[in-house]
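These notes concern the structure reproduced below.
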Amino acid sequence: MITLNIDGRELKAEEGQTILQVARENGIYIPTLCHHEAIEPYGACRLCIVEVSKGKRTRIVTSCLYPVEEGLKVKTDSPRVMSNRKMLLELLLARCSKNKVIRELASEMGIEQPPFKSEYLEDNDCIVCGLCVRACEQVVGVSAISLVNRGITKEPAAPFLEPAADCIGCGSCFYICPTGAIKMEDREDTRIIYNWKVEFKLKKCKVCGNYWAPEKQLEYIRKKWNLPEDFFDICPTCK
C-alpha cells in the first residue's frame, strides 16, 4: 500500500491507482468532464488538475493520469489550481456558451459570462473530450467515429463526414457524452443518431411487442459471441 496526503488527509492507496481514483474513493471532490471508469483516462478537459509536491518540486498535473506515489502531497483547491481551473472553464464557456453543464460548472467558479465569445462555436455543445470516440473504440470495439480536423474546428465525426457506415446504433456515444452533444432519438421502430447521420431498424420483442434495441447492434453481439439466431427474439424484460 502507498501512503499519500490529499488536502491534509493521510490516505492509503494501491499501487497503480491515480490521484483522481483515490480522491473519489475518499469523498474528495475533483471536477472532471472527460473521465469515465469504463474508459482509459485521456486528460482532455484538464479540469481535474491538482497541485502535487514531492521533495522541493511542486507542479500542476492532471489527476486522472497521474499515478500515486509514496509520500506525495496533493492539493485539489490551492490558489494555483483554482486559477488554472477557472481559466479552463472560461475557455470551455467561450466554446459552449449555452450548454447547461458547462454553465453550471462555470457558475461554481464565479464565472457567469465568458471573457470572450467565439462566433464560430457559440452554439456548440461539444467540448471535444473524445469520450464518444474512445467508447466506440474501447468498449464497443467498432471505431465508427474519430476526431477530425484541427484547432477550433476539431470534432468527432464519421470518416469524410459521411454517414457512419460502421456504426451499429448502440448509443454508447450518446449515453457517455458529458454535455449532451450527441443527439439520438428512438422514433417508433427507428433509432436515429443525428450526429453520425444514421438510422437503424429496432428489434421488436415477440412477447410484448415493444421495440427495444437496434437490429444491427444485436446482430453484431450475436455474431461476436456466437449466440443462437433467435437469442434476441425476446427483450430482456420479458426474459
Inset, instruction - Grab the DSSP H runs of the chain that are 4 residues or longer, score each as -39,500 (n - 2.57), total them, divide by all residues and round the 222 nm result to the nearest 500 deg cm²/dmol. - result: -6000 deg cm²/dmol
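Counting only C-alpha contacts under 8 Å and six or more residues apart, can you give the relative contact order of the stretch 108-239 as a whole percent? All intermediate terms of the calculation are to be shown ahead of the outcome.
Working: 182 pairs, mean separation 22.0, N = 132.
The value is 17 percent.
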Legend entry - the stretch 1-97 - Debye-derived log10 I(q)/I(0), Cα point model, q = 0.17 Å⁻¹: -0.72
Inset, instruction - Could you work out the Rg to Rh ratio of the stretch 26-70, with Rh taken as the Kirkwood radius (inverse of the mean 1/r over all Cα pairs)? - result: 0.98
Legend entry - Pairs of Cα atoms farther than 21 Å apart, the stretch 41-180, %: 53
Inset, instruction - Taking all pairs of distinct Cα atoms, average 1/r, flip it, and tell me the Kirkwood hydrodynamic radius of the chain in Å to one decimal place. - result: 20.3
Inset, instruction - At most 10 other Cβ atoms within 10 Å and a DSSP loop assignment: could you name the trypsin sites (Lys or Arg not before Pro) in the stretch 114-165 that fit? - result: Arg150
Inset, instruction - Could you work out which residue, out of Cys205, Cys45, Cys136, moves most in a Gaussian network model of the chain, that is, has the largest mean-square fluctuation with Cα springs under 10 Å? - result: Cys205
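Find, to one decimal place in angstroms, the Kirkwood hydrodynamic radius of the stretch 169-239, where the mean of 1/r is taken over every pair of different Cα atoms and then inverted.
Numbers: mean 1/r = 0.0769 Å⁻¹.
Kirkwood radius, the stretch 169-239: 13.0 Å.
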Inset, instruction - With the cut-off at 15 Å, report for the stretch 65-105 the share of all Cα pairs above it, as a whole percent. - result: 57
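Given the convex hull over the Cα atoms of the stretch 4-44, what projected area results after averaging over all orientations, in nm²?
Working: hull surface 13.0 nm².
So the Cα hull casts an average projection of 3.3 nm².
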Legend entry - Portion, in percent, of the accessible area of the stretch 18-129 that falls on carbon or sulfur, probe 1.4 Å: 48
Legend entry - Volume per residue of the C-alpha convex hull in the stretch 121-182, rounded to whole Å³: 82
Inset, instruction - Please identify, among Cys167, Cys208, Cys129, the residue showing maximal mean-square fluctuation in a Gaussian network model of the chain using a 10 angstrom Cα cutoff. - result: Cys208
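Out of the trypsin sites (Lys or Arg not before Pro) in the stretch 1-108, which ones are loop residues according to DSSP with at most 15 other C-beta atoms within 10 Å?
Working: sites: Arg9, Lys12, Arg24, Arg46, Lys54, Lys56, Arg57, Arg59, Lys73, Lys75, Arg80, Arg85, Lys86, Arg95, Lys98, Lys100, Arg103; in loops: Arg46, Lys56, Lys98.
Hits after loop and neighbour filter: Lys56, Lys98.
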Inset, instruction - Report P(r) for the stretch 110-239: all Cα-Cα distances, bin width 10 Å, range 0 to the bin holding the largest distance, values in whole percent. - result: 12, 36, 30, 14, 6, 2
Inset, instruction - Count neighbours as other Cβ atoms within 10 Å of each site's Cβ, and list the GluC sites (Glu not before Pro) in the stretch 137-230 that are DSSP loop with at most 15 such neighbours. - result: Glu188, Glu229
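In the structure displayed, which of Lys183/Lys206; Lys54/Lys75; Lys203/Lys223; Lys98/Lys154; Lys154/Lys216; Lys75/Lys100 lie more than 21 Å apart, Cα to Cα? Write down the numbers at each step before the final one.
On the way: Lys183/Lys206 29 Å; Lys54/Lys75 12 Å; Lys203/Lys223 16 Å; Lys98/Lys154 19 Å; Lys154/Lys216 29 Å; Lys75/Lys100 28 Å.
Beyond 21 Å between Cα atoms: Lys183/Lys206; Lys154/Lys216; Lys75/Lys100.
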Inset, instruction - Could you state the angle between the C-alpha long axis of helix 79-95 and the longest principal axis of the C-alpha atoms of the chain, as a value from 0 to 90 degrees rounded to the nearest 10? - result: 30
Inset, instruction - Could you work out how far apart the two model spin labels at Asp166 and Lys54 are, taking each label as a point 7 Å from the Cα in the direction of the beta carbon, and quote it in nm? - result: 3.7
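Accessible area per residue of the chain at 1.4 Å probe, in Å²? If you can, show how the numbers build up before the last one.
Numbers: 13670 Å² over 239 residues.
I get 57 Å² per residue for this part.
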Inset, instruction - Name the most mobile residue of Ile221, Ile168, Ile193, meaning the one with the largest mean-square fluctuation, in a Gaussian network model of the chain with Cα contacts below 10 Å. - result: Ile221
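Treating the beta-carbon of each Lys and Arg as +1 and of each Asp and Glu as -1, no other charges, what is the dipole magnitude of the chain about its Cα centre, to the nearest 20 debye? List each step's numbers first, then the result.
Working: 34 positive and 33 negative charges, 94 e Å.
The dipole magnitude comes to about 460 debye.
The values are calculated or read from the model by the stated rules, or taken from the named source; none is laboratory data. All values reported here derive from a predicted model rather than from experimental measurement. Please note: Cβ atoms are built from the backbone with ideal geometry, for glycine as well, and neighbour counts cover all protein chains shown. Heavy atoms of the whole protein, side chains included, go into the accessibility calculation; ligands, DNA and RNA do not. Shrake-Rupley method; radii C 1.70, N 1.55, O 1.52, S 1.80 Å.
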